[in-house]
Each structure stands twice: as C-alpha cells, then as structure tokens.
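Only one structure is covered here, and it is reproduced in the block below.
The values are calculated or read from the model by the stated rules, or taken from the named source; none is laboratory data. The shown structure was predicted, so the numbers you read here are calculated from the model rather than taken from an experiment. We place every Cβ from the backbone using ideal geometry, glycine too, and count neighbours over all the protein chains shown. Ligands, DNA and RNA are excluded from the accessible area calculation, which covers all protein heavy atoms including side chains. Shrake-Rupley method; radii C 1.70, N 1.55, O 1.52, S 1.80 Å.
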Amino acid sequence: MKKSQKIFVQFGICFFVISLVGLLINNLTINLTRTGLGFNFNWLFKPASFALAEHPLPYSSSDNYAWALFIGWLNSLKVIVSSLMLATVLGTLIGFARTGKNALLSLLSAGYITIIRQTPLLLQLMFWYFIGFLGFKDNTFIHIKNIIKISNQGIELSGLTLSSEFSALLFGLGIFTSAYIAEVIRGGILSVPKGQWEAFRSLGLSEKKGLLSIIIPQALPAILPGLTSQYLNLAKNSTLAIAVGYSDIYAINDTIINQTGRAIECFLILLTSFLLLNLLICNCMEIINKTILNSRKYN
Amino acid sequence: MAKISSSDLKIMRRLVSGIVGMTILLTGCASPSQENSSRLDLIKKRNELICGVSGKIPGFSFLESDGSYQGLDIDICKAFAAAIIGDSTKVQYRPLTAAERFTAIKTGDIDLLSRNTTFTLSRDSLGGNGLTFGPVVFHDGQGLMVKKDSGINSLEELANKSICVGSGTTTEQNINDAFESASLPYTPIKYQDLNQVVAGYLQGRCSAMTSDRSQLAAARSGFKNRKDHIILKDVLSKEPLAPASDGQDQKLGDAMRWVVFALISAEEQGITKSNIDKKVQLANRNPQLKPLRRFLGIDGGLGEKLGLSNDFVVKVIKTTGNYGEIYNRHLGQESEVPIPRGLNELYNKGGVHISPPFN
C-alpha cells in the first residue's frame with residue numbers, strides 16, 4: 001500500500017470513530033432534553049437521606065450526596081488498599097513456595113492456585129460472607145483474650161473493629177488476587193536464566209541469600225508490569241462489594257441513582273472516580289518500577 | 001426548507017389517514033366499555049368473572065399444590081363473583097406480572113384486578129393509568145421483622161442495632177426517615193435483593209430486616225421455624241392495596257366498591273358466614289330493624305341500584321364471610337402468613353377500615 005493510501009485509510013477510520021462517538025453524544029443529548037433531564041449536578045448538594053454502616057470520616061444522612069459519594073470512595077480505597085497488601089504478601093509467599101524445592105509446599109500451593117483461579121470471584125465473596133463470616137452464628141468463633149475476636153459481626157483485632165462485610169471482601173479479594181500474583185511471581189522467577197541459579201550456588205551462597213540478592217532483583221522487572229495489572233483488576237473487582245452489603249462507591253451510587261434518577265451523571269462520577277483510583281495505582285507502580293530499574297543500572 | 005412535492009403530499013395524506021384509521025381501530029378495541037353496556041352485564045352474560053391476580057404471594061394470592069388459588073385477593077374475586085353472578089366458583093383467575101396488570105384492564109383481558117396493587121393518584125386518574133380503585137382491602141406498609149427470642153418489641157429497642165435492608169428502593173429511605181425522626185442511631189446493612197436481605201437476617205448479621213409487611217410475612221412463611229420470628233407493630237410507610245377496574249366503567253366500579261364495603265360493614269355489624277341465615281330470619285321477622293333490612297336487601301332495593309341483585313350482601317357473606325373472616329383465614333395468627341391486623345382493623349377497633357352507610 002502506498003503511503004497516501006495508508007493515510008487515507010487511517011483518516012477514514014478516524015472519521016468513522018469520531019462520527020460514531022458524535023452520533024452517540026448527539027443521541028444522548030436529544031433524549032435527555034426530550035425527557036426533560038439534561039445534565040445537572042445540583043442534586044449533589046442536596047441531603048442524601050440515607051445512612052451508611054461504615055464511614056471513615058463523620059457522616060450523617062443529612063449530609064449531601066457529594067459527601068456520601070466521597071465516603072463511598074474512601075470505603076472503596078480502604079478495602080482496595082488493605083486487600084492489595086494481603087494479596088501481595090500471600091501471593092509472594094505462595095509464588096515462592098510454588099517454585100521452591102520443597103515438593104509438599106509446591107504441591108499445596110499449586111492446589112491453592114488451581115482452586116482459587118478456577119472459581120468465580122462472586123462465588124468466593126458469597127462464600128466468605130454468607131458461609132464464612134455469617135456462618136459463625138451468634139456465638140463467637142474465636143476469642144483469644146482481648147487480642148482477637150471473630151464472630152458474625154466481624155473481626156475485632158485489639159480495639160480495631162472490622163465489619164463482617166469488610167472482612168469478607170478483604171479475604172475474598174485478597175485471596176482471589178493472591179493466586180494470580182503467585183503466578184506472576186513464579187513467571188518472574190522462572191524468567192531468570194538457569195545459569196544465574198547455578199552461578200550463585202557455585203559461589204557458595206545459600207538458597208535463601210541467592211534467591212533474595214541474585215534472583216529476585218533480576219525477576220522484578222518481569223514481575224512488576226504483571227503485578228500492576230493484577231492491582232488494577234483488584235481495584236475494579238472491588239465493585240462486587242455490593243454482593244456482600246459493603247458500602248463502596250458502587251453500592252452508594254446505586255442508591256443515589258434510585259433516589260435521584262440521575263443515572264448518567266452518577267455513572268460519569270463513578271467512571272471518573274475509578275479512573276482516578278486506577279491512575280493512582282498505576283502511577284505508584286510506575287514510580288516503583290523506575291526506581292528499581294534505575295537501581296539496577298547503578299549496580 | 002425544501003418544497004413539498006405533490007407526491008410527497010399524497011404519501012403524507014395516506015400516512016395521516018392510515019394513522020387516524022389505526023387510532024380508531026385501536027381505541028375501538030381498547031375500551032369496549034365506551035358503548036352503553038357495562039362490563040357488569042358482560043360478566044353476567046358470560047356467566048364468568050375474569051379476575052387478574054398475582055398468584056405468587058402467600059396469603060394474598062397463591063397457587064396451592066392442589067391447583068386452586070388461595071388468599072385475600074382471591075377471596076375478593078370470589079366475593080365479586082358471588083355478588084355479580086351468584087356463584088363464587090365462576091371465576092377465571094389470570095396470573096399477571098406487575099407490568100402486565102394495567103394493560104390487561106385497559107384492553108379488556110380481565111374484568112377486575114385484585115393483585116396487591118397500591119392505590120395511587122396517577123393510577124387512578126384519567127391522565128394516568130385511567131383505572132378506578134375499590135376500597136382498600138389491605139393497608140400494607142413497610143415493617144420490621146425480628147427474632148422472637150431477641151426480646152425486641154418496638155422500633156426504639158432497635159437503637160444501635162444493625163438492620164438488613166434492600167438497597168436502592170424507597171425501603172432504604174423509609175427506614176432512615178423512621179429512625180432519624182425518632183433520633184435513634186442504627187446501622188443499615190444493605191443488600192441488593194430480598195433474598196440476600198433474608199439470608200443476612202437469618203444468618204444473624206442483623207437484629208432485624210425491613211421490607212413491606214406483606215413481603216416480610218410471605219418471606220417468613222418459607223422459614224424453617226417461622227414461629228420464631230415476629231413482625232413489629234411499627235409501620236414505616238403507606239401502601240394501601242385495593243382492587244381496580246376500568247375507570248370508564250362506572251357501573252362496574254360502583255359494584256366493586258360496594259361489595260368490598262359490604263364485607264367491612266358485615267364485620268362491623270357482627271354478621272358472619274355462620275350466622276347470616278339467622279340474621280336474615282331476624283330481619284324478616286322484625287320490620288323495625290331498618291338498617292339491617294336494607295343491608296340484607298329486604299327493603300330499599302339497594303342492590304338494584306348497583307345493577308346487582310338486592311340480596312347480593314347475603315350471597316357474598318355466605319361465600320367468603322365478612323372482611324375479618326377473610327383476613328383471619330389468610331393472614332390471621334393461625335394462618336401460614338400471620339400479619340397483625342394493625343391498620344386493617346375496623347375503625348372502631350383502632351384500624352382504618354370503615355364503610356359508608358348502606359342507605
């Protein structure tokens with residue numbers, strides 16, 4: 001194909017996409033005007049008149065919708081960050097166990113990954129919530145002095161109280177993502193050439209020392225991009241909170257749509273807030289990635 | 001603007017006449033009641049009443065294992081059939097979804113709708129759904145269900161407790177209004193659908209669950225130990241459920257209205273299925289019992305004014321008993337779906353059911 005033809009084809013595709021988007025926007029505007037809706041964000045500052053079970057900052061039902069949405073966003077952030085940490089720790093341990101020399105550990109972790117990866121997340125969340133936490137009934141399941149108490153009302157960890165909805169989501173998301181992270185870690189470790197293993201062993205380094213100072217630093221560049229996409233998936237999966245009754249931003253949005261009928265505005269807000277959240281995660285990972293790559297150059 | 005050519009004009013004319021024709025046709029089928037004959041006469045001629053019901057709500061209208069329909073809404077249909085045809089078995093039940101119900105009336109698929117329908121302005125008005133509503137047969141409203149052994153008996157005792165609620169409905173707002181106006185703190189645990197609300201409540205996550213009282217009772221009828229759960233007396237919203245018919249058919253609407261009033265009035269006067277014959281004898285023997293004689297159709301010719309037989313009240317009570325008997329049969333303490341009478345008591349017993357005089 002000639003260059004001029006190529007340009008023409010690309011121009012055509014661009015034109016098609018732009019007109020399609022234009023058509024959709026035009027259609028939306030016409031329909032919104034026809035039904036007397038039209039974009040309007042004034043409702044954001046009207047009282048929400050619904051209560052929330054969990055709010056990291058002070059909240060009452062006389063606060064406005066905007067504040068309720070922000071609380072929802074914080075609730076989302078809270079569960080995402082904590083399950084992200086759980087998933088990373090668990091995933092790393094299982095990834096190591098899977099690649100390690102211990103046959104039993106390797107087998108166990110392979111089984112764990114298989115089971116977790118091959119069942120739907122929604123089902124796992126329901127399991128953790130309705131069978132896991134709520135299955136404890138009224139009597140406390142575990143009660144060790146004042147340190148930890150697990151019941152159907154959630155987890156109490158020396159003064160810190162986690163509701164059963166939050167805990168179910170934390171374990172559900174954390175464990176589900178850990179299986180994927182374990183595979184990412186395994187892939188990273190396997191990407192290091194066999195010669196490197198032989199080299200540190202021949203130098204007389206112990207397995208542990210060799211893994212930490214020779215293998216891991218070389219595996220990290222392969223691990224980080226995969227890890228980032230798992231983190232992003234986790235953030236998006238957190239919207240399944242609605243299935244276990246946790247007041248994340250999606251659940252709050254759902255209520256607001258029903259109360260105000262402002263579906264389009266609400267979905268725009270939802271999209272923007274998730275975009276913000278994921279850009280935050282993405283950029284943090286990018287910084288970590290760059291720091292590690294730079295430190296390698298220095299070595 | 002472009003000029004309109006003659007061929008365009010021709011097409012437009014055809015289109016317009018087509019639309020007009022279609023409209024005439026459609027409106028022609030849609031409201032058979034516009035002719036002078038009422039559906040009431042049609043029902044008599046057909047010798048069968050077609051009643052729209054839900055068929056899925058225990059206590060209101062539910063298809064039993066023997067293939068028969070049972071419930072409060074069903075008994076209302078039976079009462080109409082007894083009043084209009086004189087035989088309560090001459091009813092054809094049409095199970096309808098919530099979306100189908102109003103169209104079914106307007107197109108003439110059914111004669112009457114007795115399907116736990118909330119009486120609202122827009123459904124009643126000509127500019128809205130164009131129905132006409134009979135008297136309210138069940139005052140529903142949002143309620144709370146708790147476990148009996150929790151010792152909770154009122155809204156106040158639920159302060160600082162968790163409550164399972166379906167999210168995104170008016171239910172959520174009503175519960176908040178109720179607690180806020182009583183300035184009681186509480187924790188809402190919100191689920192997306194009623195099954196999850198029920199699961200959360202049964203698993204002990206919440207001290208109470210909230211929904212419409214009839215739904216709570218229906219949900220409870222499926223529990224393993226339904227005697228262990230009670231519905232509190234507090235009612236958080238208004239949901240008056242009433243039978244309905246086509247708004248353009250006054251004759252049928254009036255008959256429907258007074259059949260329900262007859263049920264309520266009979267309860268007020270202590271006339272039941274078992275003592276109706278005695279009451280008729282009593283009225284026949286004592287000409288001074290004027291109101292009773294009018295009510296039972298001995299004097300006054302009230303039934304005829306409605307296009308019914310004068311003794312329609314007697315026929316109705318012989319079939320279904322009075323309102324209280326119907327209620328107790330399907331929603332009473334001994335029934336499968338017990339709901340405390342509350343607002344559904346007679347006006348002189350603390351409820352709101354009242355009948356205008358049979359004069």
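Some points to look at:
- Test: residue in the range B:243-259 that is within 14 Å of another protein chain (Cβ to nearest Cβ) and in contact (Cβ under 8 Å) with a residue 60 or more places away in the chain: no
- Residue list for the range A:254-282, filter: polar (S, T, N, Q) and either within 10 Å of chain B (Cβ to nearest Cβ) or open to solvent by 30 Å² or more (accessible area, probe 1.4 Å) (or both): A:THR255, A:ASN258, A:GLN259, A:THR260, A:THR272
Yes/no per residue for (1) hydrophobic (A, V, I, L, M, F, W, C); (2) within 22 Å of the chain's Cα centre (by Cα):
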site: B:LEU282; (1), (2): yes, no
site: B:PRO287; (1), (2): no, no
site: B:LEU302; (1), (2): yes, no
site: B:GLY324; (1), (2): no, yes
site: B:LEU331; (1), (2): yes, yes
site: B:SER335; (1), (2): no, yes
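Residue-wise test of (1) in a helix (DSSP H, G or I); (2) open to solvent by less than 40 Å² (accessible area, probe 1.4 Å).
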| site | (1), (2) |
| --- | --- |
| B:ASP109 | no, no |
| B:PRO135 | no, yes |
| B:GLY143 | no, yes |
| B:SER154 | no, yes |
| B:GLU157 | yes, no |
| B:ILE163 | no, yes |
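- For the range A:177-210, a residue qualifies if it is in contact (Cβ under 8 Å) with a residue 60 or more places away in the chain and either over 30 Å from A:VAL79 (Cβ atoms) or over 32 Å from the mean Cα position of the chain (by Cα) (or both), and the qualifying residues are A:LEU190, A:GLU207.
- Residues in the range A:97-135 that are hydroxyl-bearing (Ser, Thr, Tyr) and either part of a helix (DSSP H, G or I) or in contact with a Pro (Cβ under 9 Å, 6 or more places away or on another chain) (or both): A:THR99, A:SER106, A:SER109, A:TYR112, A:THR114, A:TYR129.
- Positions within the range B:165-195 being open to solvent by less than 10 Å² (accessible area, probe 1.4 Å) and part of a helix (DSSP H, G or I), in sequence order: B:GLU172, B:ILE175, B:ASN176, B:PHE179
- Flag if A:VAL79 is open to solvent by less than 30 Å² (accessible area, probe 1.4 Å) and either away from every other protein chain (no Cβ under 14 Å) or among the hydrophobic types (A, V, I, L, M, F, W, C) (or both): yes
- Taken over the range B:178-191, the criterion of being within 7 Å of another protein chain (Cβ to nearest Cβ) and over 17 Å from A:SER163 (Cβ atoms) is satisfied by B:GLU180 alone.
- Restricting the range A:225-253 to residues that are surrounded by fewer than 18 Cβ atoms within 10 Å (Cβ to Cβ) and more than 13 Å from the chain's Cα centre (by Cα), the residue that is nearest to A:LEU123 (Cα to Cα): A:GLY226
- Residue in the range A:211-222 that is among the hydrophobic types (A, V, I, L, M, F, W, C), in a helix (DSSP H, G or I), exposed (fewer than 14 other Cβ atoms within 10 Å of the Cβ) and out of contact with any strand residue (DSSP E or B) (no Cβ under 8 Å at 6 or more places or on another chain) present: yes
- Test: residue in the range A:137-157 that is among the small types (Gly, Ala, Ser) and either in contact with a Pro (Cβ under 9 Å, 6 or more places away or on another chain) or buried (at least 20 other Cβ atoms within 10 Å of the Cβ) (or both): no
- The set of residues in the range B:161-174 being among the β-branched types (Val, Ile, Thr) and facing another protein chain (nearest Cβ under 8 Å) consists of B:THR169 alone.
- Which listed residue, of B:LEU306, B:LEU331, B:LEU346, is farther than 18 Å from B:ASP277 by Cβ and buried (at least 22 other Cβ atoms within 10 Å of the Cβ): B:LEU331
- Of residues in the range A:25-45 being touching a residue at least 24 places away in the same chain (Cβ under 8 Å) and assigned to a loop (DSSP other than H, G, I, E, B), the one farthest from the other protein chains (Cβ to nearest Cβ): A:PHE39
- Screening B:ASN116 with (1) open to solvent by 10 Å² or more (accessible area, probe 1.4 Å); (2) under 26 Å from B:LYS56 (Cα atoms); (3) not assigned by TED's automatic domain parsing to the domain that holds B:GLU325 gives one miss only, at (3).
- Number of positions in the range B:199-216 that are open to solvent by 20 Å² or more (accessible area, probe 1.4 Å), within 14 Å of another protein chain (Cβ to nearest Cβ) and part of a helix (DSSP H, G or I): 2
- Residues (more than 15 Å from A:LYS78 (Cβ to Cβ), within 14 Å of chain B (Cβ to nearest Cβ) and part of a helix (DSSP H, G or I)) located in the range A:224-248: A:LEU240, A:ILE242, A:ALA243
- First in the range A:49-62 and facing another protein chain (nearest Cβ under 9 Å), second anywhere and among the acidic types (Asp, Glu) and buried (at least 18 other Cβ atoms within 10 Å of the Cβ), Cβ under 8 Å, 6 or more apart: A:PHE50/B:GLU172; A:ALA53/A:GLU165; A:GLU54/A:GLU165
- Single residue of A:ILE13, A:ILE80, A:ILE71, A:ILE94 found to be in a helix (DSSP H, G or I) and out of contact with any helix residue (DSSP H, G or I) (no Cβ under 8 Å at 6 or more places or on another chain): A:ILE13
- Inside the range B:249-291, residues that are at negative phi and surrounded by fewer than 19 Cβ atoms within 10 Å (Cβ to Cβ) make up a count of 20.
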